[in-house]
Amino acid sequence: MADTVLYEVSDGLATITLNRPEAMNALNVAAKVALQDAAEAAGADPAVRAVLLTAAGDRAFCVGQDLKEHVGLLLQAQESGANSVMDTVRDHYNPIVRALTGMKKPVVAAVNGVAAGAGFGFALAADFRIAADTATFNTSFAGVALTADSGMSWTLPRLIGQSRASDLLLFPRTVTAQEAYDLGVVNRLVPAAELAAEAEKLARTLAEGPTLAYAALKESVAYGASHSLSEALDKEDELQTLAGASEDHTIAVRAFLSKEKPKYLGR
């Protein structure tokens with residue numbers, strides 16, 4: 001991976017770290033390519049059982065598109081008569097969101113500071129968000145005459161409802177960590193000094209858990225968001241049959257009967 005994004009796997013946990021703190025972890029092309037590579041690598045690696053998406057520095061999780069680079073690319077496109085500058089949505093943002101949401105393992109986003117634009121979108125693509133009490137959130141897009149990307153038109157309304165999502169998208173503003181928690185955007189708030197330790201603890205707990213069941217839960221929740229109740233019930237039946245036949249389920253039942261802590265294998 002490029003040094004704009006760090007990638008490490010340890011004891012079943014893949015840690016992906018956005019690493020441009022001097023630019024508030026803004027997304028230039030190199031960072032977007034590296035983030036996509038890291039997310040896809042984590043999804044494909046059978047040794048990875050959970051993913052922690054975090055960021056370097058204490059000012060920002062990710063402020064979205066690197067506007068300095070974007071302006072240069074925009075001017076080049078205008079001069080050449082091309083209209084390719086926004087191809088980054090198709091080429092980078094969409095694959096990143098698909099990799100995060102589609103991988104068969106839980107993803108935790110640790111939001112340490114500002115999460116804006118696509119940075120906010122990537123946090124929403126995680127399955128669980130833990131944030132520092134100093135973090136802030138901003139949709140940003142309308143503020144620079146753009147529409148939503150990074151999956152936010154899908155994820156945000158499902159978390160907070162269409163009316164509130166439309167408000168935040170049409171009238172971008174800074175949302176405090178407490179408000180984000182109250183809205184349901186953030187699952188857990190912790191003091192800023194404790195974020196790194198608490199996020200890793202949480203992610204490692206997931207990595208040690210019944211990861212096949214987590215994958216099924218992730219799939220069923222996503223499926224239920226766009227299907228009827230009847231279809232969702234059929235999907236639950238399908239996935240529960242698979243989960244019930246897993247070694248992890250047998251381990252869990254035996255551990256329960258013997259009053260011991262289960263040690264899951266992820267199969």
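The values are calculated or read from the model by the stated rules, or taken from the named source; none is laboratory data. All values reported here derive from a predicted model rather than from experimental measurement. Note that each Cβ is placed from the backbone with ideal geometry, even for glycine, and that neighbours are counted across all protein chains shown.
Only strands (runs of 3 or more DSSP E) whose full extent lies in region 88-162 are considered here, and none of them has at least 1 residues that are more than 27 Å from Ala193 (Cα to Cα). Restricting the first member to region 215-243 and to residues that are free of Cβ contacts under 8 Å to residues at least 24 places away in the same chain, and the second to residues that are part of a helix (DSSP H, G or I) and among the basic types (Lys, Arg), the beta-carbon pairs closer than 6 Å and six or more apart or on different chains are Ser220/Lys235; Tyr223/Lys235. For Ser226, the conditions (1) outside any loop (DSSP other than H, G, I, E, B); (2) loosely packed, with under 12 Cβ neighbours inside 10 Å are fulfilled apart from (1). Hey, can you tell me all the residues within region 176-197 that are part of a helix (DSSP H, G or I) and farther than 19 Å from Gly161 by Cβ? Selection gives Ala177, Ala192, Ala193, Glu194, Leu195, Ala196, Ala197. Of the listed requirements (1) out of contact with any Cys (no Cβ under 7 Å at 6 or more places or on another chain); (2) surrounded by 15 or more Cβ atoms within 10 Å (Cβ to Cβ); (3) at pLDDT 95 or above, Ala44 misses just one: (2). Scanning region 229-265 for residues that are assigned to a loop (DSSP other than H, G, I, E, B) and touching an Asp or Glu at 6+ places or on another chain (Cβ under 7 Å), we see that the one that is surrounded by the most Cβ atoms within 10 Å (Cβ to Cβ) is Tyr264.
Restricting attention to region 149-163, does a residue exist that is modelled with pLDDT under 95, surrounded by fewer than 24 Cβ atoms within 10 Å (Cβ to Cβ) and hydroxyl-bearing (Ser, Thr, Tyr)? So far as region 149-163 goes, no, none of its residues is modelled with pLDDT under 95, surrounded by fewer than 24 Cβ atoms within 10 Å (Cβ to Cβ) and hydroxyl-bearing (Ser, Thr, Tyr). Here the condition is being within 20 Å of Ala125 (Cβ to Cβ), in the same structural domain as Ala50 (by TED's automatic domain parsing) and surrounded by 13 or more Cβ atoms within 10 Å (Cβ to Cβ); of Glu200, Glu219, it holds for Glu200 alone.
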